[in-house]
Amino acid sequence: MNDFVQQPFSTDRGNMCRICGGTVQEFMDFGRQPLSDAFLTPEEVADEFFYQLRVGVCESCAMVQQLEEVPRERMFNDSYPYVSSGSSRMRDHFSRTAAGFLESELTGPDPFIVEIGSNDGTMLSTIKAAGVRHLGVEPCGGVADVARAAGIRVRSDFFEESVGADIAAKDGPANVIFSANTICHIPYLDSIFRGVDALLAPDGVFVFEDPYLGDIVEKTSFDQIYDEHFYLFSARSVAAMARQFGFELVDVLRLPVHGGEVRYTIARAGARTPTDAVAELIAAEDKHGLAELSTLQKFAAEVDKICHDLVDRLEELRDSGVRVAGYGATAKSATMTNYAGIGPDLVPCVFDTTPAKTGRLMPGSHIPVLPAAQFAAYGAERVVLFAWNHAEEIIANEREFAARGGRWLVYVPDVRLL
């Protein structure tokens, strides 16, 4: 569906699973896509980077994954704009997460927790306040500096086998290794698990939470698929992955954040008894055929329908002279706008609260990003809610928009007005 001009790039590994070496069956090709968090100045447009976003499922281990890898340094660097503390809902979520660790896992003498992809230290701030030893591993210098300024201990690095071993040598074993919205970003999970193996205490846990394939398929929230989300996890695929590297999936917890996630708890094989929740979620996935190619092909057809429906609706609004805008310059909106071919002719601007994004252009589509403080003055009548996963918070903050007759246009799970 994409008509934009792209530059060639490929690190295509063929159809070989990055986890088990099995055959990956492609079910969706989103075409050439930009880096989802690379918000541009007008001068940078000519050199914009693109890659081919193809997605498939491994017929052996059920892992859903991209077929082309973007170099990590292109996505995660000093200019990375996302901050965990930008949403009050996520601040509360991470505060509760940290409190849970303090009550259940970090109770022994001199406990130690390591967070992979610690961002601006939102979760670790609660750990620090409790006086517990901690370390964040964060390759993006800008957000790492924010955490350091708050007194949080951070190592600026990509976590991998050598880093895990080095931390263990300097700080001793970790009782908890935690990661949120990061493990699914990392193609080289073999090195991650070797690093976890070197760092994790014998009875420790590796806990990570990421977007859940089951929610993505059920809600047709296809914009969760973008460059940073290399894997889309399910309980079955994570269980297989854990076994592949000598670990065991011992617990799962469905989470409502970011449109639907699962928190996976992994321990060394035999160290803990798996909860009933693991078998129950895997059984539910099997019942709905989540790992079956036919299920995912049906999902792909529904994606195309949503994109066509949204473009049709936006064209009608434009042709009727209705003032349109977008809200939330999210990473996932890159997939929607570029696959559907939505540019400034249909959505003239997008409003956002992140200073690092405002005044720039959306990746690929080149829609201008304006400060959310200017939203009311703009006078939009219909607004595409790209940040649909934060709908409750945004709608509450922008009550005046609805009060003067404005309507939110969403596309998950289908195109409709709120």
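List of remarks:
- The chain: relative contact order in percent, alpha carbon pairs under 8 Å with at least 6 residues between: 15 percent
- Each label was represented as a point 7 Å from its Cα along the Cα-to-Cβ direction; for residue 381 and residue 323 these points are 1.0 nm apart.
- Extension reserve of the residue 110-residue 400 stretch, reckoned as 0.36 nm per residue once the Cα distance is removed: 99.4 nm
- Length available on full extension from residue 302 to residue 166: 0.36 nm per residue minus the Cα-Cα distance, which gives 44.3 nm.
- Sequence ranges 39-48, 325-334, ranked by mean other-Cβ count within 10 angstrom, highest first: 325-334, 39-48
- The angle between the Cα long axis of helix 189-199 and the longest principal axis of the Cα atoms of the chain comes to about 40 degrees, rounded to the nearest 10.
- Convex hull of Cα atoms in region 220-302, direction-averaged projection (nm²): 6.1 nm²
- Of the three principal axes defined by the Cα atoms of region 264-365, the extents in descending order read 62, 36, 20 Å.
- Helix-only CD estimate at 222 nm, as mean residue ellipticity for the chain, using -39500 (n - 2.57) per DSSP H run (n ≥ 4): -10000 deg cm²/dmol
- Debye-formula intensities of region 321-384, expressed as log10 I(q)/I(0) at q = 0.13, 0.22 Å⁻¹, are -0.29, -0.83 (one equal scatterer per alpha-carbon, no solvent).
- Distance from the alpha carbon centroid of region 205-268 to that of region 127-195 works out to 19 angstrom.
- To the nearest ten degrees, helix 161-171 and the longest principal axis of the Cα atoms of the chain are 60 degrees apart.
- Stokes-Einstein, applied to the Kirkwood radius of region 167-270 over Cα pairs at a viscosity of 1.567 mPa s and 4 °C, places its translational diffusion at 92 µm² s⁻¹.
- Of the accessible area of the chain, computed with a 1.4 Å probe over protein heavy atoms only, carbon and sulfur atoms account for 50 percent.
- Taking the chain as a whole, the Cys residues whose C-beta sits 4.7 Å or farther from every other Cys C-beta are 140, 184, 307, 349.
- Counting only protein heavy atoms and a 1.4 Å probe, the chain has 39 square angstrom of accessible area per residue.
- Across all directions, the shadow cast by the convex hull of the chain built on its C-alpha atoms averages 19.5 square nanometres.
The values are calculated or read from the model by the stated rules, or taken from the named source; none is laboratory data. Here the structure is a predicted model, which is why all the values come from computation and not from measurement. Glycine gets a Cβ as well: all are built from the backbone with ideal geometry, and neighbour counts include every protein chain shown. The accessibility values were calculated without ligands, DNA or RNA, using every heavy atom of the protein model including side chains. Shrake-Rupley method; radii C 1.70, N 1.55, O 1.52, S 1.80 Å.
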